[in-house]
Amino acid sequence: LVFIILRFTMHEYYVSIVNLIFIASVGALGLNILVGYTGQISIGHGAFMSVGAYTAANFATRLDLPFWITLPAGGLMAAGIGALVGIPSLRIKGLYLAIVTLAAQLIIEWTINHVPWISGGVQASIEVPRPTLFGTQLKSQTQLYWFLLVFVVIAIVGTLNLVRSRIGRAFIAIRDHDIAAEIIGINIFRYKLIAFAISSFYAGVTGVLYTYYLSIVNYMQFQIVTSIYYLA
């Protein structure tokens with residue numbers, strides 16, 4: 001409600017800043033599920049964002065698909081890659097898991113940059129048209145403000161419901177003491193993979209939102225600096 005009222009008191013410039021905050025908030029919520037609630041570490045968040053971004057960009061430009069298809073597709077693709085990266089989390093943790101996710105960041109970054117079918121070439125960019133809603137293309141900062149606010153609300157409500165559920169309680173138990181959690185019957189490997197997948201889904205959606213907001217995608221937007229920024 002505050003953000004609804006706030007829009008009518010802000011200059012267009014500040015609206016653009018809040019729009020970027022909205023997008024970053026979705027990614028931060030996803031990372032918090034993994035790091036904050038499950039106690040796992042990831043330095044590859046930027047790479048998962050790039051997976052979602054490039055998935056949506058290719059679907060939008062090559063297949064001319066609307067945002068309501070490309071956005072979940074980008075999230076699901078990132079979730080799959082995130083679950084794959086999370087497999088080593090059964091045996092390793094802490095610094096060693098951070099190194100694995102760092103390797104994933106560099107591998108994904110290199111793959112995107114060197115596979116023309118994905119990125120269009122080394123350091124190439126893909127231009128993506130802004131999303132269209134009810135026949136109207138969202139071009140102004142105000143239109144994008146309301147568009148992004150919907151996804152922020154969905155992300156917040158989804159996160160709140162998740163952490164209050166059986167899955168969320170399992171995440172917290174693993175974070176507090178994974179051995180004790182396993183003794184009481186929690187499948188640690190399963191829930192760690194779920195945490196990585198959900199967190200990566202949020203990251204993928206964040207990458208898609210960045211792509212639509214900027215109308216362009218480039219791997220430079222999702223380098224290791226992005227991951228460190230979210231962790232900070």
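Checked against the criterion of being over 19 Å from residue 46 (Cβ atoms), exposed (fewer than 12 other Cβ atoms within 10 Å of the Cβ) and of a type outside the set (Gly, Ala, Ser), the candidates 123, 137, 143 yield just one match: 137. Restricted to segment 66-145, the set of helices (runs of 4 or more DSSP H) holding at least 2 residues that are modelled with pLDDT of 90 or more and more than 15 Å from residue 213 (Cβ to Cβ) comprises 67-85, 95-114. Of the residues making up segment 157-168, those that are part of a helix (DSSP H, G or I) and open to solvent by 40 Å² or more (accessible area, probe 1.4 Å) number 5.
Residues that are without any contact (Cβ under 8 Å) to a residue 60 or more places away in the chain, surrounded by fewer than 17 Cβ atoms within 10 Å (Cβ to Cβ) and out of contact with any Lys or Arg (no Cβ under 9 Å at 6 or more places or on another chain) do occur in segment 81-88. Please verify whether segment 16-34 includes one or more residues that are over 16 Å from the mean Cα position of the chain (by Cα), farther than 26 Å from residue 198 by Cα and not in a loop (DSSP other than H, G, I, E, B). Within segment 16-34 (the criterion being over 16 Å from the mean Cα position of the chain (by Cα), farther than 26 Å from residue 198 by Cα and not in a loop (DSSP other than H, G, I, E, B)), the answer is yes, since at least one residue qualifies. Can you spot a residue in segment 178-193 that is within 19 Å of residue 47 (Cβ to Cβ) and aliphatic (A, V, I, L, M)? Yes - at least one qualifying residue is present in segment 178-193.
Take residue 154 and tell me if it is surrounded by fewer than 19 Cβ atoms within 10 Å (Cβ to Cβ), of a type in the set (A, V, I, L, M) and either outside any helix (DSSP H, G or I) or in contact with a Gly (Cβ under 9 Å, 6 or more places away or on another chain) (or both). No; evaluated as a whole, the condition is false for this residue.
The values are calculated or read from the model by the stated rules, or taken from the named source; none is laboratory data. Remember, it's a predicted structure, so these values are computed and weren't measured experimentally. In this analysis, Cβ positions are derived from the backbone assuming ideal geometry, glycine residues included, and neighbour counts consider all displayed protein chains. For the accessible areas, the whole protein counts, side chains as well, though only heavy atoms, and no ligand, DNA or RNA atoms are used. Shrake-Rupley method; radii C 1.70, N 1.55, O 1.52, S 1.80 Å.
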